1. Treating only the Cβ atoms of Lys and Arg (+1) and Asp and Glu (-1) as charged, compute the dipole magnitude of segment 170-264 about its Cα centre; round to the nearest 20 debye.
2. Where the only charges are on Cβ atoms (+1 Lys, Arg; -1 Asp, Glu), what is the dipole of the chain about its Cα centre, to the nearest 20 debye?
3. Tally up the carbon and sulfur contribution to the accessible surface of segment 58-97 as a whole percent, 1.4 Å probe, everything protein left in place.
4. For the chain, would you read off the P(r) tail past 27 Å as a percentage of all alpha carbon pairs?
5. Hey, could you grab the Kirkwood Rh for segment 212-285? Inverse mean 1/r over distinct alpha carbon pairs, Å, one decimal.
6. When Rg is the radius of gyration of the Cα atoms in segment 9-72 and Rh is its Kirkwood radius, what does Rg/Rh come to?
7. Across bins of 5 angstrom width beginning at 0, how are the C-alpha pair distances of segment 146-280 distributed, in whole percent?
8. Could you tell me what percent of the accessible area of segment 164-256 is made up of carbon and sulfur, with a 1.4 Å probe and every protein chain present?
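The values are calculated or read from the model by the stated rules, or taken from the named source; none is laboratory data. Every value quoted in this text rests on a predicted model; they were computed, and no experiment measured them. Cβ: placed from backbone, ideal geometry, glycine included. Neighbour counts: every protein chain shown. With ligands, DNA and RNA removed, areas are computed over all heavy atoms of the protein, side chains included. Shrake-Rupley method; radii C 1.70, N 1.55, O 1.52, S 1.80 Å.
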Amino acid sequence: MLPILMTGRAAVAEGEMRVTALDVGQGTAVLVETRRHALLYDAGPAYVSGTSAGGQVVVPFLRASGVRRLDMLMVSHEDADHAGGVSDGMQAVPIGSRLTAAPPGHRLLAGGVGADWDPCVSGAGWQWDGVRFDILHPTTEELAAGRLQSNARSCVLRVATARRSVLLTGDIGVREELGLIGRHTPDALRADILLVPNHGSGTSSHVAFLRAVRPELAIFQLGFVNRYRHPREDVWRHYERAGVARYRTDETGAVSIVTSGDAREAVPYRQRYRRYWRDGPPAPR
């Protein structure tokens, strides 16, 4: 039993973070860990089988990684590919607080005991273990007006160490991207690592947004041969022309990034842990 008990990962250093974009198919689930805290951004999709990524991917990964509690669950919006895993998976994990831009009482967020949700609004922020968390979108006024569609309401979260940063964008579109540029200073929007908006669809990743964020690394979280044909070819090429290292989870499986001062290490699961029965195409592209 000793090897089983010793399979935990190395602890995250003080002031640093580990960000893991899980392989949940066509959907989003990202775990952000600091030294003593963990945040899950979205819980993955519901599957046609009646199960979900929350139960089949997220919770097993948390347990295998030694994460026994989530300090925060942030569900960017109510679409099933982002919130479908909440009710199936999150009942198994104690959760400190819950944030979302979804409408109050939405059925996809009804799972769990005492599942109270607070609004995800721009201007809110906190610090864990020397790492800064800031919500950049949506604004209180936008939520109160109730005019935004679900994708446009997506919580946008920036997480930053002293040297490195990541931007989690949900399914925002070009209008929201340009709004972020107009509302925030360049330093507040800049990020080394970008979770590509809306899985690389043609409605997002405006050139001006990429110029403002200036990512070094982009993660396209999407499903193999997905019916939406994400990422769209012209969007994929935008990132190539910008010189961004591109990872896509349909080719890499989960992608984990660990920061260490100025350095960062990106680990694409299939390329690091090779098996003869699955492809491991070059990554990043």
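1. That gives a dipole near 200 debye.
2. The dipole of the chain has a size of about 660 debye.
3. The nonpolar share, carbon plus sulfur, comes to 48 percent.
4. So the pairs more than 27 Å apart make up 34 percent of the total in the chain.
5. Taking every pair of different Cα atoms in segment 212-285, averaging 1/r and inverting gives 13.3 Å.
6. Value, to two decimals: 1.00.
7. 2, 10, 19, 23, 20, 14, 7, 3, 1, 0, 0
8. For segment 164-256, the apolar C and S fraction of the accessible surface comes to 52 percent.
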